[in-house]
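Q: This is the structure, below, for whatever I ask next.
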Amino acid sequence: MANVARVFIDGEAGTTGLGIRQRLERMAQVELHSLSDASRKDPAARRDMMRSVDLVVLCLPDDAARESTALADGLGSSAPKLLDASTAHRVDPSWVYGFAELVPGQSERIAQASRVANPGCYPTGGIALLRPLIEAGVLPQDYPVTVNAVSGYSGGGKAMINSHEATGGPAFELYGLGLEHKHLPELQVYSRLTRRPIFVPSVGHYRQGMLVSIPLHLDMLNGSVRTADLHGILDAYYAQSSLVSVVKPGADGKLEPESLNDTDMLELRVHGHDGHGQAVLVARLDNLGKGASGAAVQNLSLMLGLETQHG
């Protein structure tokens, strides 16, 4: 790889694309390339751009991401590496899933990959909580998991952002109640759940920040499990991570979603009451940081052998 890595963000005008660009502009090891407004939809111009760079970040709708992937594939040995921020390839076995903390060795797999799918914001929190417990044999793979989550409106795309910033938007709303949210497949696959989880997302009238919560009945887990055991499993699993931390819950039983905004951190907590045999797992993250642009820059840095600069 050259001393300076050449990167093209295909779809840099969107929320995630802008976030990635802002992060990359602070990295001296990266040289950003862009197309003019007149040529950004020209297949020939995009193909020439792809041929001239080391890596392309796809910040596009799913169908457009597939079209860009086909363009890159047509370049053969001149094709750049691809990092896809859409949902188009997240459960495609020919792509590496870009959650570096997923399992031991995942960051190495990302570093060696030519095709990486950036995770969704909600699944990042859900998988981080569930996968260690399944790997430890404590959480049955067929456990009837329910994932509840709230995000700031910046995670909903331009229409939702405009709605909240122009008219105030609703204070809070549930959505995805048809139980077909596009993040559900990756949440199930990479958590290693055999039973389809119920996922209920929501949005609040604030810009960014996310909480993902998963209630558990302790008597439905394998073995005699207490809340301290769940904390210990998570803590050991992420002991070597610089971005994922397992935090003891506060005594007041409250948690707000915005304190990790503008960082790439992910916090995990186990709240519970052993006497009632109940626990609630909670992940907190910035949906624009570790949930989107921050994760993309982490993956890009691994793929290009660069020093990662985290917010």
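The values are calculated or read from the model by the stated rules, or taken from the named source; none is laboratory data. Values in this document were obtained by computation on a predicted structure and should not be read as measured data. Reconstructed Cβ throughout: ideal geometry from the backbone, glycine too, with neighbour counts over all protein chains shown. Areas reflect the complete protein model, heavy atoms only, side chains present, ligands, DNA and RNA absent. Shrake-Rupley method; radii C 1.70, N 1.55, O 1.52, S 1.80 Å.
Q: DSSP loop (so not H, G, I, E, B), at most 12 other Cβ within 10 Å: list which GluC sites (Glu not before Pro) in the range 147-195 pass both filters.
A: Within the range 147-195, the qualifying GluC sites (Glu not before Pro) (loop, at most 12 other Cβ atoms within 10 Å) are Glu180.
Q: Could I ask something else about it? Pop out the ³J(HN,Hα) list for the range 201-213 in order, Karplus 6.51 cos²θ - 1.76 cosθ + 1.60 with θ = phi - 60°, rounded to Hz; leave Gly and Pro as x.
A: x, 8, 9, x, 7, 8, 6, 8, x, 8, 10, 10, 10
Q: Could I ask something else about it? If you count, for each residue, the other Cβ atoms within 10 Å and average over each peptide, how do 11-17, 28-34 line up from highest to lowest? Please list the in-between numbers first.
A: Working: 11-17: 19.3, 28-34: 15.1.
In decreasing order of mean packing, 11-17, 28-34 become 11-17, 28-34.
Q: Counting each pair of different Cα atoms once, what's the Kirkwood radius of the range 27-73 in Å, rounded to one decimal?
A: Across the range 27-73, the inverse of the average 1/r is 11.5 Å.
Q: Using the alpha-carbon centroid of each, what span in Å lies between the range 221-264 and the range 114-186?
A: What the calculation gives is 18 Å, centre to centre.
Q: Distance between the C-alpha centers of the range 16-53 and the range 54-99? Whole Å please.
A: Centre-to-centre (Cα) distance: 14 Å.
Q: In the chain, what percent of the accessible surface is made up of carbon and sulfur (1.4 Å probe, ligands and nucleic acids excluded)?
A: Of all accessible area on the chain, carbon and sulfur atoms account for 50 percent.
Q: Now for a different question. Could you sort 279-289, 213-223, 297-307 so that the peptide with the highest average Cβ count within 10 Å comes first and the rest follow in order?
A: In descending order of packing, they fall as 279-289, 297-307, 213-223.
Q: Suppose all protein chains stay in the model; what accessible area per residue would a 1.4 Å probe give for the chain, in Å²?
A: Computed with neighbouring chains in place, this is 44 Å² per residue.
Q: A follow-up question, please. Pull up the cross-link candidates among the lysines for Lys254, meaning alpha carbon to alpha carbon under 28 Å and not fewer than 8 places away within one chain.
A: Excluding near neighbours in sequence, the set is Lys290.
Q: Place the peptides 269-278, 138-147 in order of packing, highest mean first, counting for every residue the other Cβ atoms within 10 Å and averaging per peptide.
A: Averaged packing, sorted descending, gives the order 138-147, 269-278.
Q: Among all the lysines, which ones have a C-alpha under 28 Å from Lys41's C-alpha, if same-chain residues fewer than 8 places away are not counted?
A: Once the sequence-local lysines are set aside, what remains near Lys41 is Lys81, Lys158, Lys182.
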